[in-house]
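> My questions will all concern the structure given below.
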Amino acid sequence: MRMDAIAILTTFLVLVGCALAPAQEEAAQPPAPAFENAEQVLDALEDADDDLRTFASEIAYTTMVEVGSTITRSTGEIAFAADTTQDGSPRRRFAVHFVDKWNGDRYSDGPETKLTIAFDGRWFWDVIHSERQINKREIVPEGETIDPFELGDGPFPPLPIGQQKDDILRRYQVTLVPTTESLEPDPQLDPEYEDEKFEIDLAKQLMSFATGSVQLKLIPKNRGGDARFSEIRLWYKPDEKGRLLPRMSRTVDANSGNVSIVQLMHPLKVNDPAREDLLTITPGEGWNVSETPLPPPTVPSQPSGTTGTNPRGRP
């Protein structure tokens, strides 16, 4: 599996025992919460995120390429932690470890499918296990912080956690839509063709996966700007206490039209000790590490003969 590491996180399918086996869900299915509009959902999400410090889950990342109708899925584990650095600065970390891959109905779990990507609040780590290679890129200047999953603006595709209501409403048209909207199989697909049958079965599995969730549809208000996605859809599902937790996200790339789906398998392990075995990258013996720091900040040059405070250089 060799993909652009940042593009990998553009959206995640439940771990399956075979190509399209039914998802192994928790025994009890809480009923979908009753909300009248999107703002009520956003209010509930802010409450749910107040004390979210860590979570871990099995995940899957599915991409549907517009040109050629190619479908690929990679499955593995994800870990997230919101904590502080040694100097007390807040940070949000995550790591994803992929272990296998489906390309259409072809399955592989060899060394080439294993890939780890991680963000430690400052550096992005791309671990290529088959090559014993780690590419480490600085994407946040020292002393600064970012939300890596900020909708539309973060360095990675959105994951439905930690989003603020006012910020979302300022930038997106948000609507509460039926749970399975956008997931239904294309009625023009013919199950007599193996590739199309695979796509139909996948759509049915996604619809089943979304059961019991609420779905928000987000459309950028500034469509003519530099929005990365023409559409973002987020699903949330209540735990046994009724708390809304992230379930799935679906994005449409504004340029290519490619669809990416991120799925988190419930029950999430919430506020357990951070999964440092995933979050902390430690190079093994014989591994090669490539490090790319941010370029130094540029200082605007001043015209010759001026002091920088007077356009003519006069005192």
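> Kindly indicate the residue of segment 184-216 that is closer than 29 Å to residue 35 by Cα and in contact with a helix residue (DSSP H, G or I) (Cβ under 8 Å, 6 or more places away or on another chain) and also surrounded by the fewest Cβ atoms within 10 Å (Cβ to Cβ) among those meeting that condition.
If we take residues in segment 184-216 being closer than 29 Å to residue 35 by Cα and in contact with a helix residue (DSSP H, G or I) (Cβ under 8 Å, 6 or more places away or on another chain), then 186 is surrounded by the fewest Cβ atoms within 10 Å (Cβ to Cβ).
> Just to be sure I understand, how many residues within segment 117-139 are touching a Lys or Arg at 6+ places or on another chain (Cβ under 7 Å), outside any strand (DSSP E or B) and either among the aliphatic types (A, V, I, L, M) or under 23 Å from residue 82 (Cα atoms) (or both)?
Result for segment 117-139: 2.
> So which of 39, 66, 77 is modelled with pLDDT of 90 or more, closer than 30 Å to residue 256 by Cα and surrounded by fewer than 20 Cβ atoms within 10 Å (Cβ to Cβ)?
77
Yes/no per residue for (1) surrounded by fewer than 22 Cβ atoms within 10 Å (Cβ to Cβ); (2) out of contact with any helix residue (DSSP H, G or I) (no Cβ under 8 Å at 6 or more places or on another chain); (3) of a type in the set (Lys, Arg); (4) within 22 Å of residue 58 (Cα to Cα):
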position: 218; (1), (2), (3), (4): no, no, no, no
position: 239; (1), (2), (3), (4): yes, yes, no, yes
position: 245; (1), (2), (3), (4): no, no, no, yes
position: 256; (1), (2), (3), (4): yes, yes, no, no
position: 266; (1), (2), (3), (4): no, yes, no, yes
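> Further question on the same structure: Please find, within segment 80-101, the residue that is surrounded by the fewest Cβ atoms within 10 Å (Cβ to Cβ) out of those that are modelled with pLDDT of 90 or more and over 17 Å from residue 127 (Cβ atoms).
Ranking the candidates gives 81 first.
> If you take the residues of segment 222-252 that are at pLDDT below 90 and among the charged types (D, E, K, R), which of them is nearest to residue 35 (Cα to Cα)?
243
> Does segment 39-54 contain any residue that is part of a strand (DSSP E or B) and either touching a helix residue (DSSP H, G or I) at 6+ places or on another chain (Cβ under 9 Å) or of a type outside the set (Phe, Trp, Tyr) (or both)?
Filtering segment 39-54 down to residues part of a strand (DSSP E or B) leaves 54.
So of that shortlist, the ones also either touching a helix residue (DSSP H, G or I) at 6+ places or on another chain (Cβ under 9 Å) or of a type outside the set (Phe, Trp, Tyr) (or both) come out as 54.
For segment 39-54, residues part of a strand (DSSP E or B) and either touching a helix residue (DSSP H, G or I) at 6+ places or on another chain (Cβ under 9 Å) or of a type outside the set (Phe, Trp, Tyr) (or both): present.
> With respect to residue 247, determine if the residue is closer than 21 Å to residue 97 by Cα and of a type outside the set (A, V, I, L, M).
When the stated conditions are applied, residue 247 passes them.
> Any residue in segment 268-285 that's polar (S, T, N, Q): show its pairings with residues that are exposed (fewer than 14 other Cβ atoms within 10 Å of the Cβ) at Cβ separation under 9 Å, as long as the two are six or more apart or on different chains.
Pairs that qualify, where the first residue is polar (S, T, N, Q) and the partner is exposed (fewer than 14 other Cβ atoms within 10 Å of the Cβ), are 271/51; 271/53.
The values are calculated or read from the model by the stated rules, or taken from the named source; none is laboratory data. Because the structure is predicted, anything quoted here is derived from the model rather than measured. All Cβ positions, even for glycine, are placed from backbone atoms using ideal geometry, and neighbour counts span all protein chains on display.
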